[in-house]
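Below is one structure; the comments refer to it alone.
The values are calculated or read from the model by the stated rules, or taken from the named source; none is laboratory data. Because the structure is a prediction, the values reported are computed rather than measured. Cβ placement follows ideal geometry from the backbone for every residue including glycine, while neighbour counts extend to all protein chains displayed.
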Amino acid sequence: MATGKRIHKLERADRGRKGIYILPNLFTTASLFAAFYGIVQATNGFYEHAAIAIIVAAVLDSLDGRVARMTNTVSDFGKEYDSLVDLVAFGLAPALVLYEWGLKDFGKLGWLTAFIYAATTALRLARFNTQDIKGNKYFRGLPCPAAAVLVATALWAVESYGLTGTWTVVTALLAMIALSAAMVSSFHYRSFKDLDLKNRVPFMTLLALVVVIVLISFDPPVVLLLLSAGFALSGPFFWIFGKKPESSDLADESDIEDEDEDEDEVTEIRTVGSGVEK
């Protein structure tokens with residue numbers, strides 16, 4: 001069995017030496033650039049620009065995976081790269097931007113709150129990488145891009161309307177703590193992975209999308225804030241009042257273990273077929 005696992009690792013290494021796919025990783029790199037640009041803008045005092053940059057990073061992050069699946073360019077490298085970029089774009093960037101904006105006024109409490117947000121983002125990504133599998137309709141815990149968009153749209157709205165005062169910073173601090181807890185919670189959020197963009201849809205679906213675009217254009221920061229806040233609150237709302245998702249729609253550790261066992265069995269069969277002794 002140990003020899004079979006080593007051969008499987010060597011096969012994966014051989015695939016990795018063939019190069020990487022440009023198109024999906026280009027979107028991932030653009031997301032990283034937008035997040036880094038947001039951090040730079042925050043250090044220069046342009047918080048509205050920083051907030052918009054984080055939103056752009058979230059949009060690009062939502063595209064790289066779909067592009068990879070549509071162009072059949074999914075790879076292990078892309079998955080690992082995307083996860084690392086997500087930590088920077090949706091963990092470090094929102095935390096640092098909010099710290100520069102106002103959390104630093106609270107001293108140690110401020111930077112500890114920013115650190116907790118970044119740490120829970122890392123924990124959320126680690127849990128996603130080990131427990132969530134393809135095809136699930138629900139995420140366990142608030143996705144970190146959604147949390148980052150909520151932070152960014154709130155900051156954008158505050159800066160657009162010139163809201164000032166200690167209460168805004170206190171609200172931001174409490175919101176960061178609440179979002180940190182939501183990311184590592186057991187609340188279930190729709191993943192929209194079952195959303196089919198290639199097949200035909202009813203006419204009313206397109207009409208609804210037009211209405212959403214018009215509303216966002218009317219007042220982008222406020223409308224996006226309401227949408228992101230509604231999504232963040234949907235988890236605890238349905239946990240209290242709604243029907244819990246079926247077990248088949250969620251991933252757990254047993255699913256991952258079963259997949260690993262099947263993978264080892266396949267590797268062992270290949271090893272026996274090639275005449276390698278275990």
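For the subset of the stretch 36-65 comprising residues that are at pLDDT below 95 and acidic (D, E), which member is surrounded by the fewest Cβ atoms within 10 Å (Cβ to Cβ)?
In this case the residue turns out to be D64.
Could you please find all residues in the stretch 90-134 being among the hydrophobic types (A, V, I, L, M, F, W, C) and not in a helix (DSSP H, G or I)?
I133 - this is the single residue of the stretch 90-134 that is among the hydrophobic types (A, V, I, L, M, F, W, C) and not in a helix (DSSP H, G or I).
If only one of T171, T164, T153 is at pLDDT below 90 and under 24 Å from A50 (Cβ atoms), which one is it?
T164
Quick check: anything in the stretch 73-85 farther than 25 Å from N129 by Cα and more than 14 Å from the chain's Cα centre (by Cα)?
no
How many residues does the stretch 189-207 hold that are of a type outside the set (F, W, Y) and at pLDDT 70 or above?
Matching residues across the stretch 189-207 total 10.
Could you run through the stretch 68-77 and say how many residues are in a helix (DSSP H, G or I) and surrounded by fewer than 17 Cβ atoms within 10 Å (Cβ to Cβ)?
Residues flagged as in a helix (DSSP H, G or I) and surrounded by fewer than 17 Cβ atoms within 10 Å (Cβ to Cβ) within the stretch 68-77 amount to 4.
So, in the stretch 213-228, exactly how many residues are farther than 20 Å from R190 by Cα and in contact (Cβ under 8 Å) with a residue 60 or more places away in the chain?
Matching residues across the stretch 213-228 total 3.
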